[in-house]
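In what follows, a structure is listed as structure tokens, so that the remarks can point back to it.
The numbers here are math on the coordinates, done by the rules we state, and not lab data. As the structure is a prediction and not an experimental result, all values here were calculated from the model. Every residue, glycine among them, receives a Cβ derived from its backbone with ideal geometry; neighbour counts consider all protein chains shown.
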Amino acid sequence: MSKVVCICYGQEQVFKSRKAAINFYSEAMFATEGSEQERYCNILAGLYRGETRCSDESISRNIIEFNQL
């Protein structure tokens, strides 16, 4: 298992595994709406692309990519 780093609202959070990060941000995405949900969706898109460092920035580009998964 390799750790992943997710940056959301400027706060860095380290997860012990990609699966743990995906579980966390999937739950967060389904529990929210609007711009907050977009932030979580952006991080999920990065995780699904295999990135080890994901951010909630560049929302519009990554939302399109996530919806194509």
The local net charge around TYR9, scoring Lys/Arg +1 and Asp/Glu -1 for residues other than TYR9 whose Cβ lies under 15 Å from its Cβ, equals -4
Summed over the other residues with a beta carbon less than 10 angstrom from that of THR32, with K and R at +1 and D and E at -1, the charge totals -3
Taking 0.36 nm per residue of separation between LYS3 and SER17 and subtracting their Cα-Cα distance, the length gained on full extension comes to 4.5 nm
The local net charge around ILE22, scoring Lys/Arg +1 and Asp/Glu -1 for residues other than ILE22 whose Cβ lies under 14 Å from its Cβ, equals +3
